[in-house]
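The values are calculated or read from the model by the stated rules, or taken from the named source; none is laboratory data. Keep in mind it's a predicted model, so treat the numbers as computed, not measured. In this analysis, Cβ positions are derived from the backbone assuming ideal geometry, glycine residues included, and neighbour counts consider all displayed protein chains. Just so you know, the surface numbers come from the protein's heavy atoms only, side chains and all, with ligands and any DNA or RNA stripped out. Shrake-Rupley method; radii C 1.70, N 1.55, O 1.52, S 1.80 Å.
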Amino acid sequence: MAFAPMGPEASFFEVLDRHRESLLTALRRGGGEPPSGGSHLASSSEVLASIENIIQDIITSLARNEAPAFMIDNRSSWENIKFEDSVGLQMVSHCTTRKIKSDSPKSVQKFALILKILSMIYKLVQSNTYATKRDIYYTDSQLFGNQTVVDNIINDISCMLRVSRRSLHILSTSKGLIAGNLRYIEEDGTKVNCTCGATAVAVPSNIQGIWNLVSDAKFVLIVEKDATFQRLLDDNFCNKMSPCIMITGKGVPDLNTRLLVKKLWDTFHIPVFTLVDADPHGIEIMCIYKYGSMSMSFEAHHLTVPAIRWLGLLPSDLKRLNVPKDSLIPLTKRDQMKLDSILRRPYVTCQPFWRKEMEIMADSKMKAEIQALTFLSSDYLSRVYLPNKLKFGGWI
């Protein structure tokens, strides 16, 4: 054993173990992991050659007295997205594109910015050095205007070259945290032990570089919000439910947190659960972990974990636990629009229990934060709610 569990008796995990067996059976029936598609971890020489080809096309256009242009896959249209239950949301192979022209007043600046960032990526790959998206922004913050511009262009380039962002030698700053029954070694040889204490370990910025992952965990719990994650740490949840792993992306997850959840699933194939607020925003975050997002659909094979289950907070739990009305919050118009949008998405058709929960929310016109459970007792979440859900299979 890699760790000395302090948690409940083995019988506590019987339902969890059966759930894991069903996941493994489904995986074997599907022929193991889905084949890799979309972007991949390309070699430096492949990335350099791809950029050189793009520049050669620009030179050829100029030699013909034609205005050069970039053809970028349209990542903001549902027409270009297909859904597969085993992968999630992914781009179709022949999707519609946007033309970023160098002779159009509307797109000339974006054309120039793409060219500038391509040049920076080329230098990074050539010199085998790395930079964060923030580093790139600060090379000329006035030119770029804001960080979002840089982020979108990097995603466009990654999609255009059909390679992962890591292959571009661009790293994201991690905001996520992880705690529990897990050890691993980072790329530089640093040994990391995530065993629960009062503090958690920051999600590493190079997920592909971590190796020798060791864990006896029975499950992974993704916690939507940092405040809830910290409360569970304070309540010693990891040790009480040992062996387990807890992770939070502190709201909408960053790329590294999603990559880590995917790596944990690929490495250990243990049940993965989400704990989110019973509101449209929480459901959206859970869907990103499970099925991915439209904007990153070209990297779906590296990011999504369709085996994820919704543990809580379920809208049906609010009535079952008699959560008082004054602990609930009315849905705003924006909430209702978000809920309607999620209900129209292709993956909801294969999740009838999810649809039912969302319809309960829509009918009641009320939402609730996880903290609403504190009306029962301050530690109800860690002492009663989560243990019962995990013991008796209260997930969907």
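Some observations on this one:
- Residue match in the stretch 72-87 (condition: farther than 30 Å from W265 by Cα, out of contact with any His (no Cβ under 7 Å at 6 or more places or on another chain), surrounded by 13 or more Cβ atoms within 10 Å (Cβ to Cβ) and of a type outside the set (S, T, N, Q)): yes
- Among the residues of the stretch 159-191, just one is among the hydrophobic types (A, V, I, L, M, F, W, C), in contact with a Gly (Cβ under 9 Å, 6 or more places away or on another chain) and under 28 Å from E46 (Cα atoms), namely C159.
- Inclusion of D335 among residues that are touching a strand residue (DSSP E or B) at 6+ places or on another chain (Cβ under 8 Å), within 30 Å of N80 (Cβ to Cβ) and at pLDDT 90 or above is warranted.
- V192 of a type in the set (V, I, T), without any contact (Cβ under 8 Å) to a residue 60 or more places away in the chain and within 20 Å of P8 (Cβ to Cβ): no
- Identity of the residue in the stretch 244-285, open to solvent by less than 10 Å² (accessible area, probe 1.4 Å) and out of contact with any helix residue (DSSP H, G or I) (no Cβ under 9 Å at 6 or more places or on another chain), that ends up nearest to T349 (Cα to Cα): I285
- Single residue of C196, C159 found to be under 22 Å from A227 (Cβ atoms) and at pLDDT below 90: C196
- Checking K338, K290 one by one, the residue that is charged (D, E, K, R), open to solvent by less than 10 Å² (accessible area, probe 1.4 Å) and touching a residue at least 40 places away in the same chain (Cβ under 8 Å) is K290 and no other.
- Subset of the stretch 158-194 (residues that are more than 26 Å from I285 (Cβ to Cβ) and not aliphatic (A, V, I, L, M)): R162, S167, H169, R183, E186, E187, D188, G189, T190, K191, N193
- Filter pass, S167 being crowded, with 16+ Cβ neighbours inside 10 Å, in a helix (DSSP H, G or I) and in contact with a His (Cβ under 8 Å, 6 or more places away or on another chain): yes
- Scanning the stretch 352-364 for residues that are open to solvent by 30 Å² or more (accessible area, probe 1.4 Å) and out of contact with any Pro (no Cβ under 6 Å at 6 or more places or on another chain) turns up P352, F353, R355, K356, E359, A362, D363, S364.
- Failed condition for D156, given (1) in contact (Cβ under 8 Å) with a residue 24 or more places away in the chain; (2) open to solvent by 30 Å² or more (accessible area, probe 1.4 Å); (3) of a type in the set (D, E, K, R): (2)
- Residue, surrounded by the fewest Cβ atoms within 10 Å (Cβ to Cβ), within the stretch 172-189, restricted to residues that are in contact (Cβ under 8 Å) with a residue 60 or more places away in the chain and hydrophobic (A, V, I, L, M, F, W, C): L177
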